[in-house]
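I have placed the structure first, in the form of structure tokens, so that the comments after it can refer back to it.
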Amino acid sequence: MRIVTYNIEFGGRGREAAIERVLAGLEADVIALTEADDPAVVAGLADALGLHHVWAEGSGARHLATLSRFPILDWQIHNRPPLSQGVLATKLGVGNGERGSGEVITVYNVHFLPFLLLPFEMRRWQAVGRLLALIREEAPGPHLIVGDVNSIGPGDRVRQRRNPARMRRVMALQAGIVFRLAVPRLLRAGYVDCFRRLHPESDGFTWMTGNPTTRYDYVLADRAMAPRLRACRVVTDAPGV
């Protein structure tokens, strides 16, 4: 199974053709979209790519969508605090037949609050705690947590001097210190950071295009899925990038 997580930025309106070219070139089985703010754009992409899809509202202006080559058996949006901006849980029938007679895999497509200031990181730490509680309650079986966590993993660097001036001014409020609470909480719960597992020395920056400074986006595998990991990379060479 090939899965892609992609922040399409403010809904993608006016950039549909470029986004479609990127996604078509990746030939993904599952696509987790963040900032999928326009349901019409999502529906158009799914139709053009021949994929099933679900779109759901987040807690604010930013929304989520998951596209899948596999049948979507069920889905639920979790968007109440502290799960801001939201978590879209989608159950996929990975097998034969319209309802997927084989294994069921759940994808938790997440988008948490931005900004690296400590109060926001504490809120993301709380969001992770709530997400872990939901997963314990749902007992979904094999699953992945993917998307825009907006947090920094242990050991990852941030090229703050290359960030936009506004972000540098914000970080000056805490002397440039990057607090790391949310991602370590996921790792302590047993999840595998797929990119870091395979690329222990690479930055893997996912933000921003043309001036990469930070890794905000993750694919995290649970104990059942982690042994299946074969490859994980940040795509910079797809058509339309």
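The values are calculated or read from the model by the stated rules, or taken from the named source; none is laboratory data. Here the structure is a predicted model, which means the values were calculated and not measured. Here Cβ is always computed from backbone atoms with ideal geometry, including for glycine, and neighbour counts include all displayed protein chains. Accessible surface is based on the protein model in full, side chains and every heavy atom, while ligands, DNA and RNA are left aside. Shrake-Rupley method; radii C 1.70, N 1.55, O 1.52, S 1.80 Å.
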Strands (runs of 3 or more DSSP E) wholly inside the range 66-185 that include at least 3 residues being in contact with a His (Cβ under 7 Å, 6 or more places away or on another chain) and open to solvent by less than 30 Å² (accessible area, probe 1.4 Å): 85-94, 103-112
Give the residue, chosen from GLY240, GLY210, that is surrounded by fewer than 13 Cβ atoms within 10 Å (Cβ to Cβ), at pLDDT below 95 and not in a helix (DSSP H, G or I). GLY210
Quick one: GLU137 ticks every box in (1) farther than 23 Å from ALA231 by Cβ; (2) touching a residue at least 12 places away in the same chain (Cβ under 8 Å); (3) charged (D, E, K, R) bar one, so which box is it? (2)
Between residues in the range 228-240 that are among the polar types (S, T, N, Q) and residues that are surrounded by 12 or more Cβ atoms within 10 Å (Cβ to Cβ), which pairs lie under 9 Å by C-beta distance while being six or more apart or on different chains? THR236/PRO212
Only one of VAL234, VAL219, VAL192 that is in contact with a Phe, Trp or Tyr (Cβ under 9 Å, 6 or more places away or on another chain), within 30 Å of GLU20 (Cα to Cα) and open to solvent by less than 30 Å² (accessible area, probe 1.4 Å): VAL219
Looking at (1) under 21 Å from PHE205 (Cβ atoms); (2) among the hydrophobic types (A, V, I, L, M, F, W, C); (3) within 16 Å of the chain's Cα centre (by Cα), can you tell me which one VAL54 breaks? (1)
